[in-house]
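S.K.: Quick one: structure below, then a few questions.
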Amino acid sequence: MPLIEVVEVWKNYLLGEVRVEALRGVSVAVERGEFVAITGPSGSGKSTLMHILGCLDLPDRGDYWLDEDRVTQMGSDERARLRNEKIGFVFQNFFLMSRTSARENVELPLLYTDTPAKKRREIARRMLQRVGLQDREEHFPNQLSGGQQQRVAIARALVNHPPLLLADEPTGNLDSQTGQEIIALFQALNMEEGVTIVIVTHEPDIAAQARRQIRFRDGVIAEDSVRREVALGSGRGEGA
Ligand SMILES: Nc1ncnc2c1ncn2[C@@H]1O[C@H](COP(=O)(O)OP(=O)(O)O)[C@@H](O)[C@H]1O
Ligand SMILES: [Mg+2]
């Protein structure tokens, strides 16, 4: 069974009298271990799908299965619990807590677990090391560059070891060099930790780094392609 299975999902927004059809019958499956880039013009429904994948919002119609749980049948408490366990989310604007250190930001998701304080600190330190920030533990967000802040956000997203990392325009506020470094980090985490990654990007250079690209247009999937040389060389079993 795939990690993510979205079946005929529809989502409308009501803006005054005007109905916006953000998603119009989207179906997609993502296997464990995949690295997927979602592209497409502004307003094509990318963020709407990411919010559904992230259990932050529900579709009007259709089904969403995450790791064998039927999200579309769950209540909001159950969905929140699933989100804490299974999903790390990274945003364009980092969303770090400004008055707490990099380490404390990374510790945040562990506060909802019964991990003792000393252990939390140790785990957060190790996670910051993993993203290359071992010497920035006690820095506050405003003492870090954009790329460093995004690394803190990635460490925080992954500190609970969720199987799924979602990132909506994670390089949108970074220069292209820094953006490439962040993508290289995603790739390393995908290869070495096996975390499944879905990112939204409108930058072709960034999307080209993913094995699979899904292109949205007007609330539907216009194209879904796997890079051929990687697909042949990866040795991934079909549906294994
Ligand atoms: N909260 C909302 N209220 C009303 N319309 C919305 C809302 N969120 C998104 N939309 C509309 O839904 C469509 C898809 O938006 P979105 O998923 O954010 O696109 P993308 O991320 O691809 O730019 C757009 O037309 C957008 O204006
Ligand atoms: Mg968007």
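S.K.: From the residues in the stretch 29-48 that are more than 12 Å from LEU3 (Cβ to Cβ) and in contact with a Leu (Cβ under 6 Å, 6 or more places away or on another chain), which one is surrounded by the most Cβ atoms within 10 Å (Cβ to Cβ)?
M.R.: Once the filter is applied, the top-ranked residue is GLY45.
S.K.: Here's a follow-up. Which of the residues that make up the stretch 90-147 are without any contact (Cβ under 8 Å) to a residue 40 or more places away in the chain and assigned to a loop (DSSP other than H, G, I, E, B)?
M.R.: Answer for the stretch 90-147, where residues must be without any contact (Cβ under 8 Å) to a residue 40 or more places away in the chain and assigned to a loop (DSSP other than H, G, I, E, B): SER101, ASP114, THR115, PRO116, LEU133, GLU137, GLU138, HIS139, SER145.
S.K.: Evaluate the stretch 84-107: report whether one residue or more is loosely packed, with under 15 Cβ neighbours inside 10 Å and touching a Lys or Arg at 6+ places or on another chain (Cβ under 7 Å).
M.R.: no
S.K.: Return the only residue of VAL7, VAL26 being of a type outside the set (Lys, Arg), away from ligand 2 (no atom under 13 Å from the Cβ), open to solvent by less than 20 Å² (accessible area, probe 1.4 Å) and modelled with pLDDT of 95 or more. Before you say what the answer is, go through the steps one by one.
M.R.: Numbers: VAL7 fails: open to solvent by less than 20 Å² (accessible area, probe 1.4 Å).
Among VAL7, VAL26, only VAL26 is of a type outside the set (Lys, Arg), away from ligand 2 (no atom under 13 Å from the Cβ), open to solvent by less than 20 Å² (accessible area, probe 1.4 Å) and modelled with pLDDT of 95 or more.
S.K.: Give just the number: which of (1) among the aliphatic types (A, V, I, L, M); (2) open to solvent by less than 10 Å² (accessible area, probe 1.4 Å); (3) more than 9 Å from ligand 1 (Cβ to nearest atom) does LEU58 not satisfy?
M.R.: For LEU58, the failing item is (2).
The values are calculated or read from the model by the stated rules, or taken from the named source; none is laboratory data. None of these values were measured; they are calculated from a predicted model. Counting neighbours? That spans all protein chains shown, and the Cβs are built from the backbone with ideal geometry, glycine included. SASA here: full protein model, heavy atoms, side chains in, ligands and nucleic acids out. Shrake-Rupley method; radii C 1.70, N 1.55, O 1.52, S 1.80 Å.
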